[in-house]
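Notes to accompany the following structure.
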């Protein structure tokens, strides 16, 4: 039940609401005393939470002594709840797009942490028609191919054999330049190149600095042009 509670909280349920609803959804029906015992919600808070869930149309009451509560068809209720959330997210995205002032955006941004890096890379890939992918790691290609078609990707790597089973155009760096994928220690900090995405108008690089994963997004056209020219010049003939 702990997993259900955590998912409900991610959907916007408060902690006590998630515990009470998960209890009813998994048990079918229960009295307030049973809900208190199973969910761990304080006895003096159980009725308050039950009223809140009932007002939202998620549970119903059987008038008996003591009163019995049950979840109203959790599958259909949560499906409707999901539709409301999706609609709200779509509205928020549309409103943000309509009100966003792109003239004030800074051309260079730093992203920290895996979740933020994945979101930033996904957003770039979805906007781009063709992408150069500079990496020596297969794990990144698996993620990218879930978003982009193979014909829209060109891989630049140190060893094309790593990706020979993929139907993707693969270019190999000259041997003397393949060292860009090696670790480098600067001022006692170990840096490791992970990934560089280059489209027609922006790039996104990912690297490790010690134990921290960092991403750098650049949307300066002249820098993007230089990046493409540099890597094309490093390719083996």
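Of everything in region 122-134, what is within 19 Å of residue 228 (Cα to Cα) and out of contact with any helix residue (DSSP H, G or I) (no Cβ under 9 Å at 6 or more places or on another chain)? Give them in sequence order. Spell out the reasoning first.
Here is the first cut: in region 122-134, the residues within 19 Å of residue 228 (Cα to Cα) are 124-125, 127-134.
124, 127 - these are the residues of region 122-134 that are within 19 Å of residue 228 (Cα to Cα) and out of contact with any helix residue (DSSP H, G or I) (no Cβ under 9 Å at 6 or more places or on another chain).
Quick one: would you say residue 21 is part of a helix (DSSP H, G or I), at pLDDT 90 or above, over 29 Å from residue 214 (Cβ atoms) and touching a strand residue (DSSP E or B) at 6+ places or on another chain (Cβ under 7 Å)?
The answer is yes for residue 21.
Residue-by-condition table, conditions (1) in the same structural domain as residue 15 (by TED's automatic domain parsing); (2) more than 30 Å from residue 194 (Cα to Cα); (3) modelled with pLDDT of 90 or more:
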residue: 44; (1), (2), (3): yes, yes, yes
residue: 62; (1), (2), (3): yes, yes, no
residue: 85; (1), (2), (3): no, yes, no
residue: 90; (1), (2), (3): no, yes, no
residue: 96; (1), (2), (3): no, yes, no
residue: 114; (1), (2), (3): no, no, no
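Got at least one residue in region 92-111 being loosely packed, with under 12 Cβ neighbours inside 10 Å, out of contact with any strand residue (DSSP E or B) (no Cβ under 7 Å at 6 or more places or on another chain) and more than 30 Å from residue 221 (Cα to Cα)?
Scanning region 92-111 turns up no residue that is loosely packed, with under 12 Cβ neighbours inside 10 Å, out of contact with any strand residue (DSSP E or B) (no Cβ under 7 Å at 6 or more places or on another chain) and more than 30 Å from residue 221 (Cα to Cα).
I'd like to check something: does region 132-143 contain any residue that is in contact with a strand residue (DSSP E or B) (Cβ under 7 Å, 6 or more places away or on another chain) and closer than 30 Å to residue 18 by Cα?
no
For residues that are surrounded by 11 or more Cβ atoms within 10 Å (Cβ to Cβ) and without any contact (Cβ under 8 Å) to a residue 40 or more places away in the chain, tally how many sit in region 168-177.
Of all residues in region 168-177, those surrounded by 11 or more Cβ atoms within 10 Å (Cβ to Cβ) come to 168-174, 177.
With without any contact (Cβ under 8 Å) to a residue 40 or more places away in the chain added as a condition, the list becomes 168-170.
Result for region 168-177: 3.
Just one of (1) surrounded by fewer than 17 Cβ atoms within 10 Å (Cβ to Cβ); (2) more than 16 Å from residue 125 (Cβ to Cβ) trips up residue 150, so point out which.
All conditions pass for residue 150, except number (2).
May I ask you to list pairs of residues, at least six apart or on different chains, whose Cβ atoms are under 9 Å apart, with the first in region 34-54 being on the phi > 0 side of the Ramachandran plot and the second being part of a helix (DSSP H, G or I) and crowded, with 22+ Cβ neighbours inside 10 Å?
40/19
Name the residues in region 204-222 that are closer than 22 Å to residue 119 by Cβ and without any contact (Cβ under 8 Å) to a residue 24 or more places away in the chain, would you?
Restricting attention to region 204-222, the residues satisfying the condition of being closer than 22 Å to residue 119 by Cβ are 204-209, 211-220.
Scanning region 204-222 gives 205, 207, 208, 209, 211.
Condition (residue is within 16 Å of residue 228 (Cα to Cα) and in contact (Cβ under 8 Å) with a residue 40 or more places away in the chain) applied to region 135-151: is it met by at least one residue?
Scanning region 135-151, I find at least one residue that is within 16 Å of residue 228 (Cα to Cα) and in contact (Cβ under 8 Å) with a residue 40 or more places away in the chain, so the answer is yes.
Within region 195-219, which residues are exposed (fewer than 15 other Cβ atoms within 10 Å of the Cβ) and part of a strand (DSSP E or B)?
Of everything in region 195-219, those that are exposed (fewer than 15 other Cβ atoms within 10 Å of the Cβ) and part of a strand (DSSP E or B) turn out to be 209, 212.
Can you tell me which residue among 72, 35 is surrounded by 14 or more Cβ atoms within 10 Å (Cβ to Cβ) and under 30 Å from residue 89 (Cβ atoms)?
Sole residue among the options that is surrounded by 14 or more Cβ atoms within 10 Å (Cβ to Cβ) and under 30 Å from residue 89 (Cβ atoms): 72.
Looking at (1) within 22 Å of the chain's Cα centre (by Cα); (2) closer than 30 Å to residue 175 by Cβ, which is the one condition that is false for residue 113?
Exception for residue 113: condition (2).
The values are calculated or read from the model by the stated rules, or taken from the named source; none is laboratory data. Fair warning: this is a prediction, and the values are worked out from it, not measured in the lab. Glycine also receives a Cβ, built like all others from the backbone with ideal geometry; neighbour counts cover every protein chain displayed.
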